1. Determine which member of the set 104, 129 is at pLDDT 95 or above, closer than 18 Å to residue 144 by Cα and in contact with a helix residue (DSSP H, G or I) (Cβ under 8 Å, 6 or more places away or on another chain).
2. Does residue 39 meet the test of being modelled with pLDDT of 70 or more, in contact with a helix residue (DSSP H, G or I) (Cβ under 9 Å, 6 or more places away or on another chain) and buried (at least 17 other Cβ atoms within 10 Å of the Cβ)?
3. Take the range 37-73 and flag every residue that is under 16 Å from the mean Cα position of the chain (by Cα) and not in a strand (DSSP E or B).
4. Test of understanding: among 33, 69, 126, which residue is touching a strand residue (DSSP E or B) at 6+ places or on another chain (Cβ under 9 Å), surrounded by fewer than 14 Cβ atoms within 10 Å (Cβ to Cβ) and more than 28 Å from residue 174 (Cα to Cα)?
5. Given the structure, is residue 16 in a strand (DSSP E or B), surrounded by 12 or more Cβ atoms within 10 Å (Cβ to Cβ) and at pLDDT below 95?
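The values are calculated or read from the model by the stated rules, or taken from the named source; none is laboratory data. A quick note: this is a predicted structure, and the numbers were derived from the prediction, not measured. Cβ coordinates were reconstructed from backbone atoms using ideal geometry, including for glycine residues, and neighbour counts include every protein chain displayed.
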């Protein structure tokens, strides 16, 4: 009985934290020849799929740094839109397959399982497109996606191309929400 209750609670949390839809996760092609050394540094969130843990936040950014053990320290920061107070979370990421380092796994609590963090496309200097998906029995899937930029804005041509990349992969770009990056501290 306890397992069923926990399974239902996990499913409810997943549904409230991501974009749910029917079917299996798409087979995603990640960035070829991904270079984590070029990827580390500060990225600003420009677009995202809805996530409950980012509700009421603006000026969201992620700072990735390499750790001596080969893992990546993820430090997410933002401002709460209701009181402009800082919000932050520190996570751990790593690439389980050394032959596909664009398929990272990330978690923000030692008690949480690692989740997909797949870099679909990046030029390392201007933009990155990240995707995560988890399906349950091939019937229901829960998706995250982010478009990040090295600055607080993104060129329209880059946004349009990244939306097209998602659509061609079977992922609805209409699920994106724009993140408020105005009046952010340096």
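1. On the way: 104 fails: in contact with a helix residue (DSSP H, G or I) (Cβ under 8 Å, 6 or more places away or on another chain).
Criteria check complete, one pass: 129.
2. The answer is no for residue 39.
3. If the condition is that a residue be under 16 Å from the mean Cα position of the chain (by Cα) and not in a strand (DSSP E or B), then 39, 40, 50, 51, 52, 53, 54, 55 are the ones that fit.
4. On the way: 33 fails: touching a strand residue (DSSP E or B) at 6+ places or on another chain (Cβ under 9 Å); 126 fails: more than 28 Å from residue 174 (Cα to Cα).
Step by step, each of 33, 69, 126 is checked, and only 69 is touching a strand residue (DSSP E or B) at 6+ places or on another chain (Cβ under 9 Å), surrounded by fewer than 14 Cβ atoms within 10 Å (Cβ to Cβ) and more than 28 Å from residue 174 (Cα to Cα).
5. Numbers: in a strand (DSSP E or B): no; surrounded by 12 or more Cβ atoms within 10 Å (Cβ to Cβ): yes; at pLDDT below 95: yes.
No: the conditions fail for residue 16.
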